[in-house]
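The structure appears below as structure tokens.
Here, each number is a calculation from the coordinates, and none is a lab measurement. Everything numeric here is computed off the predicted structure, so don't read it as measured data. Using ideal geometry, Cβ is built from the backbone for each residue, glycine included, and neighbour counts are taken over all protein chains shown.
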Amino acid sequence: MSAPDLLARLISSFARLPGVGTKSARRMAYHLLQAPPQDAKEMGELLSEIHEKIRPCPVCRSWTDAELCPVCADPRRDRSVICVVENASDIDSFERGRIFRGLYHVLGGHISPLDGVGPGDLNIASLFERLDGVEEVILATGSSTEGEATALYLDKLLSERGIRVTRLARGIPMGADLEYLDELTLSRAFEARGSL
């Protein structure tokens, strides 16, 4: 049985979301059909408002619906440390664990010459505008080749300015067996080894 056109379009729309396959998209669409109409209406209104009311924070480039994002507006945050991330969604991981009390800066991606993304396409200039009083910049870019290239690029520029630059530790996840690790992960863990 084929789905009505409107339902097929909804399934197709859900399937374009990251990490959502056709099967999950179909489940979500049918769930909305069976949900109370008010739930679907509320979701539709939220989807229409998201681009009208949420915009980049003028300081860190995360998302906000206020003048500043909650982190930049919080006077209790340590303003001497900035953690640089690729995407605003990366901030959620740190904030959920309450493991970092400094500020953030969102690059908006990573350097990727193959995709036509150079340093000028990222929020790097705005990072350098924020460095007064900053003692340390933590590079929390991804471990992909592009994330590593972005970190190396920023490390060079920041080090030239006398800023202490650190990188998140990389290596073996807790509880992992060595026999299942790829060579790159094992190599990085070996290079970043420390004393007990």
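Per-residue ellipticity at 222 nm for the chain, helices alone: DSSP H runs ≥ 4 residues times -39500 (n - 2.57), over residue total, nearest 500 deg cm²/dmol?
Calculated from helices alone, the mean residue ellipticity at 222 nm is -13000 deg cm²/dmol.
Between Leu47 and Ser93, what is the FRET efficiency for a Förster distance of 30 Å, r being their Cβ-Cβ separation, to the nearest 0.05?
Details: r = 24 Å, r/R0 = 0.80.
With R0 = 30 Å, the Cβ-Cβ based efficiency is 0.80.
Listing Met43, Met28, Met174 from the residue with the fewest other Cβ atoms within 10 Å to the one with the most, what is the order? Provide the component values of the computation, followed by the final result.
On the way: Met43 12, Met28 17, Met174 4.
Ordered by Cβ neighbours within 10 Å, fewest first: Met174, Met43, Met28.
How large is log10 of I(q)/I(0) for the range 127-170 at q = 0.31 Å⁻¹ when the intensity is taken from the Debye formula with one equal scatterer per alpha-carbon?
Debye curve over Cα of the range 127-170, log10 I(q)/I(0) at q = 0.31 Å⁻¹: -1.18.
Would you mind ranking Asp177, Asp92 by Cβ crowding within 10 Å, fewest neighbours first? The partial results should precede the final answer.
On the way: Asp177 7, Asp92 12.
Sorted ascending by nearby Cβ count, the order is Asp177, Asp92.
Amide H to amide H, which residues 5 or more places from Val117 or on other chains are under 5 Å from it, using H placed in the peptide plane?
Close amide H contacts, sequence-distant or interchain: Ser112.
Given H placed 1.01 Å from N in the peptide plane, which residues other than close sequence neighbours of Cys57 have an amide H under 5 Å from its amide H?
Residues meeting the amide H criterion: Ser62, Trp63, Thr64.
Sort the range 5-53 into rounded, prolate or oblate with this rule: let a ≥ b ≥ c be the square roots of the eigenvalues of the Cα gyration tensor; rounded if a/c is under 1.5, and if a/c is not under 1.5, prolate when a/b is larger than b/c, oblate otherwise.
Values: a/c = 2.06, a/b = 1.25, b/c = 1.65.
It comes out oblate by the Cα gyration axes.
Using modelled amide H (1.01 Å from N, peptide plane; none on Pro or chain starts), what sits under 5 Å from the amide H of Gly102, excluding residues fewer than 5 places away?
Sorted by chain and number, the residues that satisfy this are Asp78.
Per q in 0.13, 0.16, 0.18 Å⁻¹, report the Debye log10 I(q)/I(0) for the range 29-169, using one uniform scatterer on each alpha carbon and no solvent.
-0.64, -0.87, -1.02
Within 10 Å of each residue's Cβ, count the other Cβ atoms and sort Phe190, Phe128, Phe100 from fewest upward. Before the final figure, lay out each step's value.
Numbers: Phe190 10, Phe128 13, Phe100 18.
The fewest-first ordering by Cβ neighbours comes to Phe190, Phe128, Phe100.
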